[in-house]
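Chemist: Before I ask anything, let me first share the structure, which is written out below as structure tokens.
Every number in this text was worked out from the coordinates using simple rules, so none of it is lab data. Please read all numbers here as calculations on a predicted model, not as lab measurements. Every residue, glycine as well, gets a Cβ built from its backbone with ideal geometry; the counts of neighbours run over all protein chains shown.
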Amino acid sequence: MRGPVQSGPKVHTMFRQAASRSFVRNTLAAQKRFASTKTIKEALQEVIPAKQEQLKALKKQHGQASLGEVKVEQVIGGMRGLKAMLWDASVLDPLEGIRFHGLTIPDCQKALPAAPGGKEIIAESMLWLLLTGKVPTEAEVRQLSRQLAEKGHLPSHVEKLIDSLPTSLHPMTQLGMGVAALNHDSTFAAAYEKGIKKSEYWTYALEDSLNLIAKLPALAARIYRNVYHPGRPLPSIDNNLDLVGNYANLLGYGGNHDLVEYLRLYISIHGDHEGGNASAHTAHLVSSTLADPYISYAAALYALAGPLHGLANQEVLRWQLNMRKELGDNITHEHIKEFLWKTLNSGQVVPGYGHGVLRNPDPRFIALQEFCDTRPELLADPVINLVKKASARTYEVAPAVLKEHGKTKNPYPNVDAASGCVLFHYGITQFKYYTVIFGVSRALGALTQVVWARALGLPLERPKSLSLDAIEKAIKA
Ligand code: CMX
């Protein structure tokens, strides 16, 4: 086709007319197909009444039933294992890992629609599953992709805000600021101010949440551009692409199919990890005050920005690169062991290992490793080798060292142990940016539950705190 198109203006015009007719035909066909396809809001609306009934019955019939005792060690130990919040979309089993509405990561990889020409789960499929509990059809997912792409541009005040920030400000700080500033256009806040019925809250929370998820790629990519590639033009959003396809384009990596696929997988499987983790819990807590989804999620992003949580993926790479700098490329298991002990003996944690709930290797880590297994060029990369390859992988040494160290309850890798090395291989070498990608992802799960909290009419979160004296008094009583 290329030859004739370039051969003269007349042929060029004919080709353009034919292409335009075929575009109109395809668009009409797509519109017809979409017209008979449920929107995500309709799909959600269908499942809300049954859940409302389930909650009402539980409260009425079993409101006083006990789910277990509260131990002193839980109150002073970060509430580990305390069953104290409702979160419907995903459950984390200590040994098996995460299930999204009952589906494991491999189940999702089989059942959830991918992008055209791709194999990996896309963010829209995961969002649909998390929000509605149903596996979407391909047409439903394509419609959602288009809906998000159409809402994907940033308002000019947010562009100006982000462009005015010093490039030395951490990308996560910038992301939180941009998300908070998007609340200027919150439909939830505006409707609440006007006065709406409680039963309508969820529709506005959904609208805001979809708008926010749609705008995150443009916001996150603008931060990347400003900090690492100032002056580079940002392409416009393509309404025919999925959310992550557009994100990769905006970041400047849209031409690298393998990286786009990696980002799709990364962003889907980081989307939700039940409710007790610091970022999800923060979104839930803040939104329980009826703060709108934007400021609720901005707060969550600052929890994600802590090194014991989402920032660990940047820390892992820093740690692995330091190891390589110190020990060179011919690293043996013995070298890795020494480096691990050096880290532990200096009082630092080994980033990417341990977990508040998991007691086995994280299935998200395994899914990202499997992505590498099918691509020999990734296995040949010395940075990925440090994490993985049979001759020297940290994974083969670290659990035994951490067991011998004797502190961590889970000596196995969590998702952050591998995620950054692959980004580094594909050219996203700026590891301070990695948690931003996690932040684009975690919106899927955290905002899903903000919407459900409003649909179920959940109250303000307000647990009871105790002073040390009060704890002692309670034990003696
Ligand atoms: N390296 C060294 N020590 C570790 C450790 C690690 N990777 N993981 C846990 N420990 C230590 C803890 O610091 C704690 O020590 P103290 O008793 O001195 O306070 C002890 O082992 C017991 O901790 P735990 O009950 O096993 O783990 P927690 O639930 O308290 O903490 C986590 C969980 C993730 C914060 C911890 O394992 C850690 O710091 N890991 C490294 C950072 C990391 O990878 N975080 C990412 C987690 C995944 C995510 O949220 O993104």
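Chemist: What are the DSSP H helices in the chain that stretch 27 Å or more along their long axis, judged by alpha-carbon atoms, and whose average Kyte-Doolittle hydropathy comes to at least -1.0? Spell out each step's value before the answer.
Modeler: Numbers: long enough: 9-35 (38 Å, -0.47); 40-62 (32 Å, -0.82); 201-228 (39 Å, 0.18); 434-455 (33 Å, 0.96).
TM-like helix candidates: 9-35, 40-62, 201-228, 434-455.
Chemist: Where the only charges are on Cβ atoms (+1 Lys, Arg; -1 Asp, Glu), what is the dipole of the range 57-158 about its Cα centre, to the nearest 20 debye? Present the calculation step by step, with values, prior to reporting the outcome.
Modeler: Details: 12 positive and 11 negative charges, 49 e Å.
Here the size comes out at about 240 debye.
Chemist: Return the Rg/Rh value of the range 237-277, two decimal places, where both radii are evaluated on C-alpha atoms and Rh is the Kirkwood radius.
Modeler: Value, to two decimals: 1.09.
Chemist: At q = 0.14, 0.21, 0.22 Å⁻¹, what is the log10 ratio I(q)/I(0) for the range 212-291, with the Debye formula run over Cα points and no solvent?
Modeler: -0.59, -0.99, -1.03
Chemist: Further, regarding this structure: Treating only the Cβ of Lys, Arg, Asp and Glu as charged (+1, +1, -1, -1), what charge dipole size does the range 295-438 show about its Cα centre? Round to the nearest 20 debye.
Modeler: That gives the range 295-438 a dipole magnitude of about 300 debye.
Chemist: Please pull out the direction-averaged projected area of the range 312-425, using the convex hull of its alpha-carbon atoms, in nm² to one decimal place.
Modeler: That works out to 6.4 nm².
Chemist: Evaluate the range 281-376: find the radius of gyration of its Cα atoms, find its Kirkwood radius, and give the ratio Rg to Rh.
Modeler: That ratio equals 1.09.
Chemist: Once R0 is set to 35 Å, what does the formula 1/(1 + (r/R0)^6) return for the Cβ-Cβ distance between HIS184 and GLN430, expressed as a FRET efficiency to the nearest 0.05?
Modeler: 0.75
Chemist: To continue, here is another question. Pull up the cross-link candidates among the aspartates and glutamates for LYS403, meaning alpha carbon to alpha carbon under 18 Å and not fewer than 8 places away within one chain.
Modeler: Once the sequence-local aspartates and glutamates are set aside, what remains near LYS403 is GLU334, GLU338, ASP362.
Chemist: Which value in deg cm²/dmol, rounded to the nearest 500, describes the helix-derived mean residue ellipticity at 222 nm for the chain, given -39,500 (n - 2.57) per DSSP H run of n ≥ 4 and division by the residue count?
Modeler: Helices in the chain give a 222 nm mean residue ellipticity of -19000 deg cm²/dmol.
Chemist: What does the charge dipole of the chain about its Cα centre add up to, to the nearest 20 debye, if the Cβ of each Lys and Arg holds +1 and the Cβ of each Asp and Glu holds -1?
Modeler: Details: 53 positive and 44 negative charges, 154 e Å.
It comes to approximately 740 debye.
Chemist: So if we plug the beta-carbon distance of TRP341 and GLU73 into 1/(1 + (r/R0)^6) with R0 = 30 Å, what FRET efficiency do we get, rounded to 0.05? Please report the intermediate quantities before stating the final value.
Modeler: Numbers: r = 28 Å, r/R0 = 0.95.
Once rounded, the FRET efficiency stands at 0.60.
Chemist: Between the DSSP loop rule and a limit of at most 12 other Cβ atoms within 10 Å, which trypsin sites (Lys or Arg not before Pro) in the range 32-104 are left?
Modeler: Filter output for the range 32-104: LYS71, ARG80, LYS83.
Chemist: OK, next. Starting from 0 in steps of 5 Å, tell me what percent of the Cα-Cα pairs of the range 94-218 lands in each bin.
Modeler: The calculated distribution, bin by bin, is 2, 9, 16, 15, 15, 15, 14, 9, 4, 0.
Chemist: Straight-line reach from LYS59: which lysines fall under 26 Å, measuring Cα to Cα and dropping same-chain residues less than 8 apart?
Modeler: Within reach: LYS51, LYS71, LYS83, LYS134, LYS197, LYS198, LYS464.
Chemist: Work from the charge dipole of the range 59-109 (Cβ charges, +1 for Lys and Arg, -1 for Asp and Glu, about the Cα centre) and give the residue of GLN64, LEU95, MET79 farthest towards its positive end.
Modeler: GLN64
Chemist: Taking just the C-alpha trace of the range 170-259, give me its Rg and Dmax in Å.
Modeler: Radius of gyration, then largest Cα-Cα span, for the range 170-259: 15.9, 48 Å.
Chemist: Average projected area of the Cα convex hull of the range 351-403, in nm²?
Modeler: 4.0 nm²
Chemist: Straight-line reach from LYS432: which aspartates and glutamates have a Cα under 19 Å away, not including same-chain ones fewer than 8 places off?
Modeler: LYS432 reaches ASP163, GLU315, ASP416.
Chemist: May I have the convex hull volume per residue, in Å³, for the Cα set of the chain?
Modeler: So the per-residue hull volume is 189 Å³.
Chemist: Now for a different question. Could you list, bin by bin from short to long, the percent of Cα-Cα pairs of the range 409-467 in 10 Å steps?
Modeler: Spelled out per bin, shortest first, that is 16, 28, 26, 23, 7, 0.
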